[in-house]
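The block underneath contains the structure these notes are about, expressed in structure tokens.
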Amino acid sequence: MEKEETGCCCEAPRKKVRQRSEKEAMLQRLSRIEGQVRGVRKMVEESAYCTDVLTQVSAIQAALNAFNRELISNHIRSCVVNDIKSDNLDTIDDLVNTLQKLMK
């Protein structure tokens, strides 16, 4: 049985050691999104009607938004909390900058 890893993402170099279950869930979501993108590509190749393609693209955007929400939630609950507990308040500026980029 493989050991589940835990840790903070905000140590240099910046990496996140994720629990196996978190990583597998993220990869599974990304695989579904990848499949959706391949499906849209096939629709374009097969000259699907514009609104049908747009509907599928909208579904991909919703899936990516859901992925981002989950990722930012995990980041706040682990990396940000751990950094604040360690008196690394630079993480707050990093979080604010990240949120500003996401909200453009």
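Return the residue satisfying two criteria in turn: it lies in the range 21-44 and is at pLDDT 95 or above and charged (D, E, K, R), and of such residues it is least open to solvent (accessible area, probe 1.4 Å).
Among them, the one singled out is Arg29.
Pairs please, first residue from the range 19-48 and within 19 Å of Ile72 (Cβ to Cβ) and aliphatic (A, V, I, L, M), second anywhere and open to solvent by 70 Å² or more (accessible area, probe 1.4 Å) and in a helix (DSSP H, G or I), Cβ atoms under 9 Å, 6+ apart in sequence or on different chains.
As it stands, the answer is Ala25/Glu70; Met26/Glu70; Ile33/Leu64, since those pairs meet every condition given.
Taking Ser47 as meeting all but one of (1) assigned to a helix (DSSP H, G or I); (2) exposed (fewer than 15 other Cβ atoms within 10 Å of the Cβ); (3) modelled with pLDDT of 95 or more, write down the number of the exception.
In the conditions (1) assigned to a helix (DSSP H, G or I); (2) exposed (fewer than 15 other Cβ atoms within 10 Å of the Cβ); (3) modelled with pLDDT of 95 or more, Ser47 misses (1) alone.
Pull up the range 70-104, narrow it to residues that are surrounded by 16 or more Cβ atoms within 10 Å (Cβ to Cβ) and among the hydroxyl-bearing types (Ser, Thr, Tyr), then point me to the one that is nearest to the chain's Cα centre (by Cα).
Ser78
The values are calculated or read from the model by the stated rules, or taken from the named source; none is laboratory data. Source: prediction; values computed, not measured. Virtual Cβ from ideal backbone geometry, glycine too; neighbours counted across all protein chains shown. Accessible surface areas use protein heavy atoms only, side chains included; no ligands, DNA or RNA. Shrake-Rupley method; radii C 1.70, N 1.55, O 1.52, S 1.80 Å.
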